[in-house]
Structure formats: structure tokens, C-alpha cells
Amino acid sequence: MLTKLTTDVLVVGGGTGGSTAAIQCARFGVKTTIVSEFSWLGGMLTAAGVAAPDGSELMALQTGIWGEYLQELRSRQRGGLDHSWVSLFTYEPRTGAEIFADWVKVLPNLQWISGQTPVEVLKNGDRITGVRFQDYEIEAKIILDGTELGDLLALGEVPHRWGWELRDEFNEPSAPETHNELCDRYPVQSPTWVFLLQDYGERAPEIPTPAIDFSDNFKGAWDGYGKQKFLNYGRFPNDLFMLNWPQKGNDYGVNLNRLIGSEAERKEFLQEAKEYSLGFAHFLQTRIDRRYGLAKNAFPSPSDGAFALYPYFRESRRLQGLQTIVETDILPMSGGRVAPLPFNSEGEMNAIAVGNYANDHHYPGVKFPLQPKSMQWGGRWTGTPFTIPYDALIPIATDGFLVCEKNISVSHIANGSTRLQPMVMALGQAAGMAAALCIELHCQPRELPVRKLQEALLDDHHAVIPLFNLSPDRSDWVQQQRYYLDRPEEYRKEGICGENAGFSSEKEIGEHFRGTFRKIGENSYRIRLHDRTEAKQIWQLITVRSEVWEKLKSCPNEREISVWGWRNFSGGWFLVEKLE
């Protein structure tokens, strides 16, 4: 017998966006229910094992719940977060899951039900009114699709996309002109079933030989890197290594249409993807060193705790919304470092979330060229910032419904930038706030004044305008964000505030070293340490703080300097928090 429940807001799916949306909505005081398939919330950040977030690493972008998440990680994980060279933040997935669980526990108006998947969407005309699960039927005023593959879009017959768009549809420079073999072979980006290796320091337990020998597929996986650098790509604390490797690694993209086929077809794909990752693990143990074995108890599974609970899905069904994000919306303005701000059909600037990841697509065995959207900043490469418009979360005609995951209204090409963990967390927070405001104002999502949403997000210290020189701890943070909300025509292509209040966010934290500064090229900096007891004397200097970067750019060569921050032995860099 079904248990019938009613709530104000129902979030279906425990992914990064869904989990964040539910927490934001409940924090606003709205009665909220979240239903997840698995026992961990957090999605890509936890259950899918990609605990090495990409993008939004600059201090100016560490706002809202994303910034809060990073602070929680730093407070809980000894030794800091800077362990790998793929990300400035790596941590054990279990730590992330504990943070989400703790956030839920302190919210009495948030009910979390796990172990359930949606089987039917309930509708009244063009309005979605509820969702039926295996054991529950839940009615709600506003429903959010936070599933990894946009399952409610299909169940509710909400118009959506799957696959490529040709160039003439959105005039995207990187889109193909005609349908081709690549479009057929990889209708969406390939998922990866992430697993963790552990350095046992001695011979590790033997990894089982997979039923199919995949070893030929993995030959050359670390070519150009070397074995140790390859492993350090996703190095976690406590001698753990995340394997989410694109070059002849464990990306798996065979017959991807099975993901939206029958339940049997989806299960078949998932079984193959996991077996493929097991084959990669076996290959690594036998070709690199027998001391590397599958990690124990990294995930809540008694039999295979080294494997994530489900794959890292890079792309899902994508909503057909009031506004679709396309490649030209995420590329920087000509001669600039930021994308243009978005406007809706009524001429309102409707940005509600900020991200900056470079456009990155995964098709095993294929190199797919894309328009560049990266820049040199702070001594390293990073992506150029862009924003998500509110209308990309709203269906064309369906009411009572929002999306809050990789299922937003975005083209296949632009999805390569919008799919990353911090970006999805930011849009999840915006969707959760929008749902809460709809309850408060007794309106539909399409009726919600976007400025009302933007102001509520600013009150929660969630950025809606990317500004490189506006650190979250600046006293005028809200005023500067609001200035460009009121005057979007004054937003500069350089992405900086017109006025600099002179407030320094530099902090004497981490390790302290003195050494000789050297500038190498336009945006590359080094320090030679004076302490000759250090095994490594020369370190690359990088920063995520605008104030520090300005000092690096103007510092004379061969000048003695003091730096505070964190050494990363995998990347060979020193992350500078303060420079004198």
C-alpha cells in the first residue's frame, strides 16, 4: 500500500543540485521533502565519487552554499584540500556526504526519504501535482527534478532534448553542420564509474580479473604523464586516488541511448560501465604496482566499497525551457574575460548563478575541438565566467515544476561547461530559493519576479554577477553585486568592479616561507625557497585571490618575498593566500 504525503516543495533526486535545492528551500522555512535513490545526498560531490570539484575555484566565486561547503570541508579534513592536480579541492567522499546529512538533520521542516525512485508523474492539465514512487505518493505545490538523468522530464512528458543540435539551430560555432558518425556514436557525453584506489604500502589485496579482458583499451593511459603524475591527478587524503581518467581510462560510452531506454537496458549499461572500471582497476594494479588496490569502505557498500554508488553522469535529458543556454552565452565577450550577462524576453537581466568551467566534452577515443573559453589568471589556467539565466530552469508550458541539475535548458555543446559540480550546486541553490519564494508568494515559477529571486540570493551571499575583484569577505560585496543588477549595461567585459574599496582579503594562513621571486613569461611565477632543508626548492606560485594576483603581476624579478599558503606536492605549486 502506498503511503500518501503532502508537502509544499518536493525535490526528486539526491544529486548535487537536488540536495542543494532542498536544503536552500527548507532553510527559507518552507515545508520540503527530498526523495533520493541512494543513502547519500550530494550526487557528483559524494555518491558519484567525483570529490575533486572543477571550476568556481576563484575566491570571488566561492559564494553561497558552494562557499559554505568548502568551509565545512576545510574544518573537517585535516591537511587541507589541495592534494591533486586536477582540482584545488579534494576530499574523501564520505566527508562530503556527512556534511549534507548534517545540514539536513538541523532542518525540522525538511523530510528526507531514501531508497525510492520515481515511477509516475501526476498531472492536472499542464501542471505537475505530484510524483509516485515505489512506496510513496507525494503531492506538492512545486516539484523539482533533481535526478541525474532528468527522469521526471520523461515521466511527465515535459518537452526535452537528448543528443546533439546542429549548427543552424543555435548558431553555435562548435556544433556540427550535419549529423555525423560522432553524433550517432555518442549522443551525449560519456559517463564514468568512479572508483578509489588505495596505496597499501605493501602488496595489496588482488583485484579480481574482469570477465572480459579490456586491457588493450587502457594501454597508453598515462602516456605523457608518467605513472605517479597519472595517479596524482585525483589524489585524495590518506593515500587514496580517485580514478576518473579520460585518456584511455574508464570513461564508458557504448550505446548510450540505453540510459533512456527500458529499465533492463539501463541496468545493462550500468553493469557494463562498472565492469569496465573494474577492468581499469585490475590493469592499474598489474601494470603500475601491486601495492595499489581497491580502497576499503570509501562508499557505503559492504561488497565493493571502492566503487561510487553510481556513475558520474556528465549529461542528461535537457529541458526545453523558456530560455536555452547555448555556446555563445558561455563564451567571453570579444577581447574580454567574461561572458555577456543574460536577459529574458522582457528585457530583464535574469542571471541567478555563476560558473566558470572551461567547455569540456568526453567522447572516448575522439578529440572534439571546441571554441576556447579559458584564460590565464593567478599564475594558472582557468575557465572564463558565465551566468545561468533563471528562465533556463522553467519549462515552456508546464507549471508547478522546475529543474535543478544537469537537466536545465542547455544545448549539448554548452552542457560541457554547465555540468560541473560547483555550477550545479549554484543553480540548485537558485532553484531551491525560487521554489520557496513561489510558495511564499503563491505564484508559479514563471510568474516569480526575477529581481525578487536575485535579491533573496544576495541575502544568502550567493553571487549572481561574476566580478573577479569582489571577494566574498569584502564589506561592500552586496552593494557591488546590486550595482550591476541595477546597471547591467555598465558591466565590463573584464569582469571587475568599477570601484575597488581597497579591502584586502589576504590571510596569514597555511605555511609561511621566504624566498626569491621570479616571473617566467606573462602569467607564470616561481619562488626559490631560502630554507635549503626543503627537498623541493622551487615552487610555482598560484592564487585564487585577486589582491594577491595584482601583487604577483607587479612584483619585480629577483625580489625577496614572504608567502603564506599551501603547498601541493602533486601539482608542484604553492597556493598563495598572502604575499609580502
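The values are calculated or read from the model by the stated rules, or taken from the named source; none is laboratory data. These numbers come from a predicted model, not from an experiment. Counting neighbours? That spans all protein chains shown, and the Cβs are built from the backbone with ideal geometry, glycine included. Note: accessible area is taken over every heavy atom of the protein model, side chains too, but ligands, DNA and RNA are not part of it. Shrake-Rupley method; radii C 1.70, N 1.55, O 1.52, S 1.80 Å.
In the chain, which helices (entire DSSP H runs) extend 24 Å or more along their own long axis, judged by Cα positions, while averaging at least 0.0 on the Kyte-Doolittle scale? TM-like helix candidates: 421-441.
Considered as an equivalent ellipsoid built on the Cα gyration tensor, region 82-160 has semi-axes of 32, 18, 11 Å, the largest given first. Taking all protein chains as shown and a probe of 1.4 angstrom, HIS362 keeps an accessible surface of around 20 Å².
For region 432-510, a crude dipole built from +1 on the beta carbon of Lys and Arg and -1 on the beta carbon of Asp and Glu, taken about the Cα centre, is about 240 debye to the nearest 20.
Relative contact order, whole percent, for region 349-482 stands at 29, derived from Cα pairs under 8 Å and 6 or more residues apart. DSSP beta bridges confined to the chain are antiparallel in about 70 percent of cases.
Averaging the Cα positions of each part gives two centres, and for region 382-414 and region 331-357 these lie 13 Å apart.
Entry for the chain at q = 0.05, 0.08, 0.09 Å⁻¹: log10 I(q)/I(0) = -0.20, -0.53, -0.68, Debye formula applied to identical alpha-carbon scatterers, no solvent contribution. In region 438-492, one over the average inverse separation of all distinct C-alpha pairs is 12.4 Å, which is the Kirkwood hydrodynamic radius.
Shape analysis of region 446-580 yields a ratio of the Cα radius of gyration to the Kirkwood radius, Rg/Rh, of 1.10. Seen from GLU522, the other residues with C-beta closer than 13 Å to its C-beta sum to a net charge of +3, counting Lys and Arg as +1 and Asp and Glu as -1.
Counting Cα-Cα pairs of region 122-249 in 10 Å increments starting at 0 gives whole-percent bin shares of 9, 22, 22, 25, 18, 4, 0. Gyration tensor over the Cα atoms of region 329-451: the corresponding equivalent ellipsoid has semi-axes (square roots of 5 times the eigenvalues, largest first) of 29, 16, 13 Å. Full extension of the segment from GLU137 to ASN124, taken as 0.36 nm per residue of separation minus the current Cα-Cα distance, would add 3.2 nm. ARG290 contributes about 90 Å² of solvent-accessible surface, heavy atoms of the protein only, 1.4 Å probe.
Ignoring lysines fewer than eight residues from LYS141 along the same chain, the ones with Cα atoms less than 23 angstrom from its Cα are LYS4, LYS31, LYS123, LYS406, LYS452. Based on the Kirkwood radius over alpha-carbon pairs, what value in µm²/s does the Stokes-Einstein equation return for the translational diffusion coefficient of region 1-143 at 37 °C and 0.692 mPa s? D = 203 µm²/s. Within the same chain, aspartates and glutamates fewer than 8 places from LYS274 are excluded, and of the rest, those with a Cα less than 15 Å from its Cα are ASP213, ASP251, GLU265, ASP304.
Helix-only mean residue ellipticity at 222 nm, the chain, DSSP H runs n ≥ 4 weighted -39,500 (n - 2.57), per residue, nearest 500. What is it? Working shown, then result.
Working: 15 runs with 145 residues, N = 580.
Roughly -7000 deg cm²/dmol at 222 nm, from the helical runs in the chain.
The accessible area of GLU206, taken with all protein chains in place and a 1.4 Å probe, comes to roughly 140 Å². The Cα trace of region 174-277 gives Rg and Dmax of 16.4, 54 Å, the first to one decimal, the second as a whole number. Per residue, the chain exposes an accessible area of 39 Å² to a 1.4 Å probe, with every protein chain left in place. Measuring r between the beta carbons of ARG167 and THR516 and using R0 = 56 Å, the FRET efficiency lands at 0.65.
For region 221-338, the spread of Cα positions along the three principal axes, ordered from largest to smallest, is 52, 44, 26 Å. At a 1.4 Å probe radius, carbon and sulfur cover how many percent of the accessible area of the chain? Carbon and sulfur atoms account for 46 percent of the accessible area of the chain.
Averaging the Cα positions of each part gives two centres, and for region 107-168 and region 32-54 these lie 17 Å apart. Our summary gives the chain a relative contact order of 18 percent, counting only alpha carbon pairs under 8 angstrom and 6 or more residues apart. Here LYS519 is the anchor, and the lysines within straight C-alpha reach of less than 23 Å, apart from those fewer than 8 places off in the same chain, are LYS507, LYS536, LYS551, LYS553, LYS578.
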